[in-house]
Amino acid sequence: MIVVTTARDLVRVMVSGGRLCTFVPTMGALHEGHASLVTRAAEIAKQRDLTDGCVVSIFVNPTQFNEKADFDRYPRTVDADLALCERAGASIVYAPAVGDVYPAGEQLAVPEVPAVATQPKLEDAHRPGHFGGVCQVVKRLFDVVRPQVAVFGEKDWQQLQVIRAMTQQLRYPIEVVGAATVREKGGLAMSSRNRFLSEEDRNRAMAISEALCETWSTATPTEAEAVMRQILAVHQIETEYAVVRDAISLVAPGAGPMRALIAARVGSVRLIDNVAWRPAGTV
Ligand code: PAF
């Protein structure tokens, strides 16, 4: 596995000069959820015989944080991250400093943020501007890495839809693949933020996946939302949203596939999770 810290070196070590690799963008603090994304991307690269294999980026992107304190306290665990990347099958890791992604004095354009990013009462209501930062950095990384396939976790469901829509809007020839959420024992979705949970809060946080699974016995989106809110309230979890939406556009649910989504605070830790939803008894 080759580790580079500048875009210039990345381009230099990529034998193909782009298009012959898969890509997993991350912010580090990697866990088994990320390992599954890297393994998936490495498998795809192997199946397609892509010369440069799987490229992983590790970059804590300042422009997607709403609070400087949250950015500062975001865990940085580079050595462990590199070991995980190697074990999971990455061939190249790009771990730049802020100045390599956002060169001083250069204004990096924010691409047009797709409508799915600003659907009411979802992420944008609680983290205004967050997806602007995500789109900005992912476009920049796509431009440097030029992958054939990029793999993102389904845990950040809205992010996955935003990236898909942005990639289409930009007409980039990149296949965006969503990979299933990896869960801890007890159902809690793996997240870099889980390490901040106290033992007690970790137990309470399990109510989030429990609430999502309980929606499978409900018949309408309204009932599903009520069930989620009720379970979260019982565990005294502060709910930011607990909704059922169209799975792709995240507008109010219609005839197409639907998704149940939760964002909640357990103690000082903000957690998100989601599952596919359909009315009970339907196939
Ligand atoms: O999901 C993440 O870790 C980040 O939002 C991403 C996609 C790496 C962009 O910084």
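The values are calculated or read from the model by the stated rules, or taken from the named source; none is laboratory data. Remember, predicted model here, so these are calculated numbers, not experimental data. Backbone-built Cβ (ideal geometry, glycine too); neighbour counts: all protein chains shown.
Hey, which of the strands (runs of 3 or more DSSP E) in region 158-277, taking only ones fully inside, have at least 2 residues that are surrounded by 21 or more Cβ atoms within 10 Å (Cβ to Cβ) and modelled with pLDDT under 95?
none
Being more than 15 Å from Ala117 (Cα to Cα), in a helix (DSSP H, G or I) and near the ligand (Cβ under 9 Å from one of its atoms) is the filter here, so list the residues in region 138-157 that pass it.
Once the filter is applied, which keeps residues that are more than 15 Å from Ala117 (Cα to Cα), in a helix (DSSP H, G or I) and near the ligand (Cβ under 9 Å from one of its atoms), region 138-157 yields only Leu141.
For region 245-272, give me each residue that is among the charged types (D, E, K, R) and farther than 18 Å from Thr218 by Cα.
Arg265, Arg270
Residues in region 103-119 that are of a type outside the set (A, V, I, L, M), within 21 Å of the chain's Cα centre (by Cα) and in a loop (DSSP other than H, G, I, E, B): how many?
The total comes to 4.
Of all residues in region 79-126 being of a type outside the set (A, V, I, L, M, F, W, C), in contact with a strand residue (DSSP E or B) (Cβ under 9 Å, 6 or more places away or on another chain) and within 13 Å of the ligand (Cβ to nearest atom), which is farthest from Ile58 (Cα to Cα)?
Glu123
Working only within region 201-247, note down all residues that are under 20 Å from Arg183 (Cβ atoms) and of a type in the set (Asp, Glu).
Asp201, Glu210, Glu214
Is at least one residue of region 111-124 modelled with pLDDT under 95, touching a helix residue (DSSP H, G or I) at 6+ places or on another chain (Cβ under 9 Å) and either aliphatic (A, V, I, L, M) or farther than 19 Å from Arg8 by Cα (or both)?
Scanning region 111-124, I find at least one residue that is modelled with pLDDT under 95, touching a helix residue (DSSP H, G or I) at 6+ places or on another chain (Cβ under 9 Å) and either aliphatic (A, V, I, L, M) or farther than 19 Å from Arg8 by Cα (or both), so the answer is yes.
Within region 1-76, considering only strands (runs of 3 or more DSSP E) that don't extend past its boundaries, which have at least 2 residues that are surrounded by 15 or more Cβ atoms within 10 Å (Cβ to Cβ), of a type in the set (Val, Ile, Thr) and more than 16 Å from the ligand (Cβ to nearest atom)?
In region 1-76, 2-4 are the strands (runs of 3 or more DSSP E) which contain 2 or more residues that are surrounded by 15 or more Cβ atoms within 10 Å (Cβ to Cβ), of a type in the set (Val, Ile, Thr) and more than 16 Å from the ligand (Cβ to nearest atom).
For region 100-113, does any single residue satisfy the condition of being surrounded by 20 or more Cβ atoms within 10 Å (Cβ to Cβ) and farther than 24 Å from Leu271 by Cβ?
So far as region 100-113 goes, yes, one or more of its residues are surrounded by 20 or more Cβ atoms within 10 Å (Cβ to Cβ) and farther than 24 Å from Leu271 by Cβ.
Search region 127-147 for residues that are under 21 Å from Ser16 (Cβ atoms) and pair each with any residue that is more than 10 Å from the ligand (Cβ to nearest atom) and among the polar types (S, T, N, Q) when their beta-carbon atoms are under 7 Å apart and the residues are at least 6 apart or on different chains.
So the pair list comes out as Pro147/Thr22.
Please find, among Ala211, Ala207, the residue that is without any contact (Cβ under 8 Å) to a residue 40 or more places away in the chain and in contact with a helix residue (DSSP H, G or I) (Cβ under 7 Å, 6 or more places away or on another chain).
Ala207
Working carefully through the options Val138, Val151, find the one that is in contact with a Leu (Cβ under 6 Å, 6 or more places away or on another chain) and buried (at least 22 other Cβ atoms within 10 Å of the Cβ).
That would be Val151, the only listed residue that is in contact with a Leu (Cβ under 6 Å, 6 or more places away or on another chain) and buried (at least 22 other Cβ atoms within 10 Å of the Cβ).
Pull out all pairs, ordered by first then second residue, where Cβ-Cβ is under 6 Å, the residues are six or more apart or on different chains, the first lies in region 49-66 and is closer than 19 Å to Asp9 by Cα and free of Cβ contacts under 8 Å to residues at least 60 places away in the same chain, and the second is part of a strand (DSSP E or B) and of a type outside the set (D, E, K, R).
Final answer for the pair search is Cys54/Thr22; Val56/Val24; Val56/Val93; Ile58/Thr26.
Among the candidates Ala224, Ala242, single out the residue that is touching a Phe, Trp or Tyr at 6+ places or on another chain (Cβ under 9 Å), aliphatic (A, V, I, L, M) and farther than 22 Å from Ala29 by Cα.
Matching residue, one of Ala224, Ala242: Ala224.
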